[in-house]
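All remarks here apply to the structure that follows.
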Amino acid sequence: MADGSNKEQEILVVMRKVLASIIKDTTPEFRTMRHPLSGSTIEDIRMCLTLIAARERELAEAASATESRPYYSDEKAKIGVVPVSEIGGLEKEKKTENEQ
């Protein structure tokens, strides 16, 4: 099943990218210009993008990957390694012993 959902995810990504490219290519340079697509076609594209986003969300929830979000490479990790010496105040005890 994982292979099928991966393929479905790939299809959704490609569909979203193609629709976004169509929007980018057909959007007039100036707001005063008439849009080449009809109003109903624009609304249909919006509905398609909404359905794609909803299905991608469902697949992510099914895969328990709701926390997989983009991050910056220089962003500090939310999960880090905690040295054993810092657990339960052991670090404080060692400092007070060394000071005496």
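Between ALA54, THR26, THR41, the Cα set farthest toward the positive side of the dipole of segment 2-71 (charges on each charged residue's Cβ, about the Cα centre) is that of THR26. Rounded to the nearest Hz, the phi-derived 3J(HN,Hα) couplings of segment 28-44 under the Karplus curve 6.51 cos²θ - 1.76 cosθ + 1.60 (θ = phi - 60°) are x, 5, 10, 5, 6, 7, 6, 6, x, 8, 6, x, 5, 5, 4, 5, 4, where x marks glycine and proline.
Computed from the coordinates by the stated procedures, all read-outs in this text should not be read as laboratory data. What you see is a predicted model, and the numbers here were worked out from it, not measured in a lab. No Cβ is skipped: glycine too gets one built from the backbone with ideal geometry, and neighbour counts run over all protein chains shown.
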